[in-house]
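The values are calculated or read from the model by the stated rules, or taken from the named source; none is laboratory data. Note that this is a predicted model, so its numbers are computed, not measured. No Cβ is skipped: glycine too gets one built from the backbone with ideal geometry, and neighbour counts run over all protein chains shown. To get the accessible areas, we keep the full protein, side chains included, count just its heavy atoms, and leave off ligands, DNA and RNA. Shrake-Rupley method; radii C 1.70, N 1.55, O 1.52, S 1.80 Å.
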Amino acid sequence: MTDEERTLVETHMGLVESVLQRYITPRPDISGMEHDDLFQVGSLALCRAAQKYDGRCKFSTFAYAVVKNSLIDYCRSIMGKQGCVVSSERVTEDGDTISLLETLPDPQTIADAAEARELLHTLTDAKHRYRGIARKGVQAIEMQIYGYSTREIAAMYGVRTNVVSAWVSRARKLLIREVETPTYANRA
């Protein structure tokens, strides 16, 4: 990096934290999604922005877009590597690891633990069968079971809340259709 590029980076370092606070939700339960990891990715993107800056617009405007897009791409790649967006375990304040099924049921969402296990099993099966929007919808439903709001899910994927709602709607329609349409295993 040149001295001019280094000065641009040092002057605009607060921009990384600004993007993180506005668009990204750190997830300490997912490797690579901790705040420090995300800040590092954003800082590297800021360095790349300084190196590519050509002066046609304000640096802060250009760098903000580069950092935001880099962080969103990084989060999407991490979520894709996870296979399942939601971790099946959670670390308590005491440092103990517990299954998320132990934290269920939430009396406001699911009546009993057996129903919760059945629902989660159904969703896990559906994630393996579905692709694209339907799979994202199943993942969003699963995250909602674990207490994430539509806004939080949207922030993780870098999309608007109405997009997440559309995913969920699509997945629900497919899941309901599967329940209503019997399948026969022993067809001739």
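Full extension of the segment from ILE133 to ARG160, taken as 0.36 nm per residue of separation minus the current Cα-Cα distance, would add 8.3 nm.
Residues in segment 14-79 average 52 Å² of solvent-accessible surface per residue, probe 1.4 Å, ligands and nucleic acids excluded. If R0 equals 25 Å, the separation of the Cβ atoms of SER149 and LEU44 corresponds to a calculated FRET efficiency of about 0.25.
Comparing segment 10-84 with the 2.2 N^0.38 Å rule of thumb, its C-alpha radius of gyration ratio is 1.12 (two decimals).
Placing a pseudo-label 7 Å from each Cα along the Cα-to-Cβ vector at LYS52 and ASP125 gives an inter-label distance of 4.5 nm. Listed by chain and number, the lysines whose C-alpha is less than 27 Å from the C-alpha of LYS127, apart from same-chain residues fewer than 8 away, are LYS81, LYS136, LYS173. For an R0 of 35 angstrom, estimate the FRET efficiency from the Cβ-Cβ distance between THR7 and ARG76 and round to the nearest 0.05. So, using R0 = 35 Å, E works out to roughly 0.65.
Put the Cα centre of segment 1-53 next to the Cα centre of segment 129-172 and the gap is 26 Å.
Cross-link partners for LYS68 among the lysines, with Cα-Cα distance under 17 Å and sequence neighbours closer than 8 places in the same chain left out: LYS52, LYS58.
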